[in-house]
Amino acid sequence: CTSMNSATSALHVACLSLGLKKNDIVWTTPNTFVASANCALYCGAKIDFVDINSETNLIDIQLLSKKLDKAEKANKLPKIIIPVHLTGQPTNQEDIYKLSKKYNFKIIEDASHSMGAIRNKEPVGTCKWSDITIFSFHPVKIITTGEGGMILTNNVDVNHKAKLFRTSGITREKSYFDNKNLGPWYYEQLVLGYNYKMTDIQAALGMSQLKRLDAFVNERNEIAKSYNDELINLPIKLPFIMKENYSSFHLYVIRLEIDKIKITHKEVHQKLIEKGISVNLHYFPVHLHPFYQKLGFKNGMFPESEKYAEQAISIPIFPGLSNIDQEYIIKTLRKILI
């Protein structure tokens, strides 16, 4: 593990540690925070996207497989694929891993949402089906260090490079020195690195939070079950969790059945906010942002991600959300949608 000052920094360093360079190609999904794509551009690489599955809202494995087949024929295979564990649910890492062996790409799990989640009895972060996993400790995440992130890997060389890039390219490990060790004070800069270190104060906060991880995730799942039970008859699509997964439920996202309600997606958002309920969209598709449209991405390129953004609403879920507040949220949704 290598602690970082943010998950964005962690994604950047993860790409560097896997040798990403100018004109290499990275793929991720459009319905994510921009950092999942920006990290490729920081390295001078090219970015592209794979649309999501309409049921899970995660990377569509069938579309990924087809896109890889076409890319191989065009000699434009990605060097790295970054699957995103949206809302706290792990992606189908086993199948992505199998594809990585066939098409020779590296995998960075963007698990910013899924610390404490489990897939097939394996905790997210073991890197059993990936080269690197990224966690986020932003204030709204499962646990927090105020701001921060983490890189996890089972590869000793990648781990060494991650620590180099995090710490101004400097090492004190004698086995990596290019020159003769001049004394106990001696260190060497081996690469052009960055000051991406987490502070000791942040780390101390994180250690105290880590002790509460299971309790936090369990409570989030209890709140999600309450929502599932009470919202099932509304004109919305509830979160679908794969049977192999135990989600950390960083977010609870509903998808409106627009054709069954009389008001718009925007109006539902506004009415909930007017009632004092903080809601959001996670996320506006990356490829529709002006910056990415200037890179050549256009509306209609990833239709399921665009459809998702026209339907999705993240409703409150966090440890400490009282039963009274949950009931108010449920009652308010019923009034607005029926």
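The values are calculated or read from the model by the stated rules, or taken from the named source; none is laboratory data. These numbers were taken from a predicted model, which means no experiment stands behind them. Cβ: placed from backbone, ideal geometry, glycine included. Neighbour counts: every protein chain shown. For the accessible areas, the whole protein counts, side chains as well, though only heavy atoms, and no ligand, DNA or RNA atoms are used. Shrake-Rupley method; radii C 1.70, N 1.55, O 1.52, S 1.80 Å.
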Hey, among the residues in the stretch 231-280 that are more than 23 Å from MET115 (Cα to Cα) and among the acidic types (Asp, Glu), which one's least open to solvent (accessible area, probe 1.4 Å)? GLU257
Can you name the residue in the stretch 35-63 that is small (Gly, Ala, Ser) and open to solvent by less than 20 Å² (accessible area, probe 1.4 Å) and, of all such residues, is farthest from ILE241 (Cα to Cα)? ALA45
Residue selected from the stretch 223-279 under the condition touching a Lys or Arg at 6+ places or on another chain (Cβ under 6 Å) and part of a loop (DSSP other than H, G, I, E, B), by the criterion farthest from ILE315 (Cα to Cα): GLU244
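I need the full set of residues from the stretch 141-157 which are aliphatic (A, V, I, L, M) and free of Cβ contacts under 8 Å to residues at least 60 places away in the same chain, in order please.
Across the stretch 141-157, the qualifying residue is only VAL156.
For the condition touching a helix residue (DSSP H, G or I) at 6+ places or on another chain (Cβ under 7 Å), open to solvent by less than 30 Å² (accessible area, probe 1.4 Å), within 26 Å of LEU164 (Cβ to Cβ) and of a type in the set (Ser, Thr, Tyr), what is the one hit in THR32, THR28, THR8? Please lay out each step first, then the result.
Working: THR32 fails: within 26 Å of LEU164 (Cβ to Cβ); THR8 fails: open to solvent by less than 30 Å² (accessible area, probe 1.4 Å).
Residue meeting the stated conditions: THR28.
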Please return the ranges of strands (runs of 3 or more DSSP E) entirely within the stretch 106-220 where 2 or more residues are of a type in the set (A, V, I, L, M, F, W, C) and more than 22 Å from TYR252 (Cα to Cα). 106-110, 149-152
Given SER208, SER226, which one is hydroxyl-bearing (Ser, Thr, Tyr) and either open to solvent by 70 Å² or more (accessible area, probe 1.4 Å) or touching a helix residue (DSSP H, G or I) at 6+ places or on another chain (Cβ under 7 Å) (or both)? SER226
Scan the stretch 64-82 residue by residue and report those that are open to solvent by 30 Å² or more (accessible area, probe 1.4 Å) and either outside any helix (DSSP H, G or I) or in contact with a helix residue (DSSP H, G or I) (Cβ under 9 Å, 6 or more places away or on another chain) (or both). SER65, ASP69, GLU72, ALA74, ASN75, LYS76, LEU77, LYS79
Could you tell me how many of the residues in the stretch 84-95 are closer than 15 Å to THR126 by Cβ and in contact with a strand residue (DSSP E or B) (Cβ under 7 Å, 6 or more places away or on another chain)? 4
Hey, VAL279 hits all of (1) closer than 19 Å to THR87 by Cα; (2) in contact (Cβ under 8 Å) with a residue 60 or more places away in the chain but one; which does it fall short on? (2)
